[in-house]
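The values are calculated or read from the model by the stated rules, or taken from the named source; none is laboratory data. Quick caveat: nothing in here was measured; it's all calculated off a predicted structure. Cβ sites come from the backbone with ideal geometry, for glycine too, and all protein chains shown count toward neighbours. Note: areas computed on protein heavy atoms with side chains; ligands, DNA, RNA excluded. Shrake-Rupley method; radii C 1.70, N 1.55, O 1.52, S 1.80 Å.
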Amino acid sequence: QVQLVESGGGLVQPGGSLGLSCKSSGTFYSIYTMGWYRQAPGKQRELVAVISRSKITNYADSVKGRFTISRDNGDNTLYLQMNSLKPEDTAVYYCNADNQGRPITFYNNTRAGNYWGQGTQVTVSS
């Protein structure tokens with residue numbers, strides 16, 4: 001099955017930047033939409049950003065203008081560049097990938113693709 005391995009989490013100060021990466025073992029033909037979700041203590045899971053294979057994107061309102069999701073279709077690597085970080089961005093960030101072709105509008109806070117990474121902690125604090 002597809003495995004997702006994340007890297008890049010850590011501790012940053014407010015206003016700082018951090019980049020996350022997610023490497024997938026899937027092939028171009030087995031991976032469709034990919035995305036980043038996050039979950040903070042005491043809060044429900046939130047879709048941060050999602051990107052289709054054709055690179056159509058959707059972002060949570062809270063991160064628009066600050067985060068950029070991208071992907072390399074050649075090796076199915078997913079990226080998230082996070083700028084102007086705020087303390088409320090603190091959460092465990094999870095890489096997600098789908099092996100089914102779904103419209104980009106399918107994905108939201110409660111719906112996701114079939115594969116998950118282990119999560120990486122992002123802490124924004126002074």
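For every residue, the table says whether it meets (1) within 14 Å of the chain's Cα centre (by Cα); (2) not charged (D, E, K, R).
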{"position": "T57", "(1), (2)": "yes, yes"}
{"position": "D61", "(1), (2)": "no, no"}
{"position": "R66", "(1), (2)": "yes, no"}
{"position": "T77", "(1), (2)": "yes, yes"}
{"position": "L80", "(1), (2)": "yes, yes"}
{"position": "K86", "(1), (2)": "no, no"}
{"position": "D89", "(1), (2)": "yes, no"}
Residues of segment 105-126 classified as of a type in the set (F, W, Y) and either open to solvent by 60 Å² or more (accessible area, probe 1.4 Å) or modelled with pLDDT under 95 (or both), total: 1
For S84: the one exception among (1) polar (S, T, N, Q); (2) touching a Ser or Thr at 6+ places or on another chain (Cβ under 7 Å); (3) under 19 Å from G16 (Cβ atoms): (2)
Residue within segment 93-109 that is touching a helix residue (DSSP H, G or I) at 6+ places or on another chain (Cβ under 8 Å), closer than 23 Å to Q1 by Cα and of a type in the set (G, A, S) present: no
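Restricting segment 110-126 to residues that are part of a strand (DSSP E or B) and within 21 Å of V2 (Cα to Cα), which is farthest from the chain's Cα centre (by Cα)?
Among those residues, the one meeting the criterion is Y115.
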Strands (runs of 3 or more DSSP E) contained entirely in segment 44-104, each with at least 3 residues that are open to solvent by less than 40 Å² (accessible area, probe 1.4 Å): 46-51, 67-72, 77-82, 91-97
